[in-house]
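Structure first, then comments.
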Amino acid sequence: MRLLLVVAVALVDADGRVLISQRPEGKALAGLWEFPGGKLEAGERPETALIRELKEELGIDVAESCLAPLTFASHAYPDFHLLMPLYVCRRWKGQVAAQEGQMIKWVRPKALRDYPMPPADIPLIPHLEELL
């Protein structure tokens, strides 16, 4: 089974809410809500990938020093095994705005369970509830 390394971030605003985005139609797990992030390109470090993905997906600039590792998800999907480090970020430059037509929402950690999420994301929620 192939291993897929994906990186994600819990962007936390001044009110302690976390940003989630909805997977668009046509993608695997379409309609589910997830933490922003994405796949690493060949030779790319997780932090570098996250900075790139946040610029592409949300139009914001994040400094590597503002990314704090929190936990990770390890989940076996039918076709691959996902390993996903989750970082927390409270500081960025620019206004968060969906750049790829995806729906985005700021959600209180206790309300994250109200949104259908991919199986790999669900075990991350208690870590955010404890932190925030």
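Considering only the stretch 80-132, state which residues are basic (Lys, Arg) and touching a Phe, Trp or Tyr at 6+ places or on another chain (Cβ under 9 Å).
Result: Lys105, single match.
Residues in the stretch 33-50 that are more than 10 Å from Val7 (Cα to Cα) and buried (at least 17 other Cβ atoms within 10 Å of the Cβ): Trp33, Glu34.
Taking the conditions (1) more than 23 Å from Leu5 (Cα to Cα); (2) in a loop (DSSP other than H, G, I, E, B) in turn, Trp106 satisfies each one other than (2). Could you please find all residues in the stretch 82-110 being out of contact with any Cys (no Cβ under 9 Å at 6 or more places or on another chain) and surrounded by fewer than 13 Cβ atoms within 10 Å (Cβ to Cβ)? Lys93, Gly94, Gln95, Ala97, Glu100, Gly101, Met103, Lys110 - these are the residues of the stretch 82-110 that are out of contact with any Cys (no Cβ under 9 Å at 6 or more places or on another chain) and surrounded by fewer than 13 Cβ atoms within 10 Å (Cβ to Cβ). Look at (1) surrounded by 15 or more Cβ atoms within 10 Å (Cβ to Cβ); (2) out of contact with any His (no Cβ under 8 Å at 6 or more places or on another chain); (3) in a strand (DSSP E or B) and you find that Leu70 fails only one, number (2). With respect to the stated conditions, Leu4 is assigned to a strand (DSSP E or B) and not charged (D, E, K, R). Just one of the listed residues (Glu25, Glu57) is in a loop (DSSP other than H, G, I, E, B) and closer than 22 Å to Phe80 by Cβ, namely Glu25. Reported count of residues in the stretch 21-58, each being within 21 Å of Tyr77 (Cα to Cα), of a type in the set (A, V, I, L, M) and at pLDDT 95 or above, is 2. Does Leu19 qualify as being outside any loop (DSSP other than H, G, I, E, B) and surrounded by 14 or more Cβ atoms within 10 Å (Cβ to Cβ)? Yes: the conditions hold for Leu19.
The values are calculated or read from the model by the stated rules, or taken from the named source; none is laboratory data. These numbers come from a predicted model, not from an experiment. When we count neighbours, we look across all protein chains shown, and the Cβ atoms used for this are built from the backbone with ideal geometry, even at glycine.
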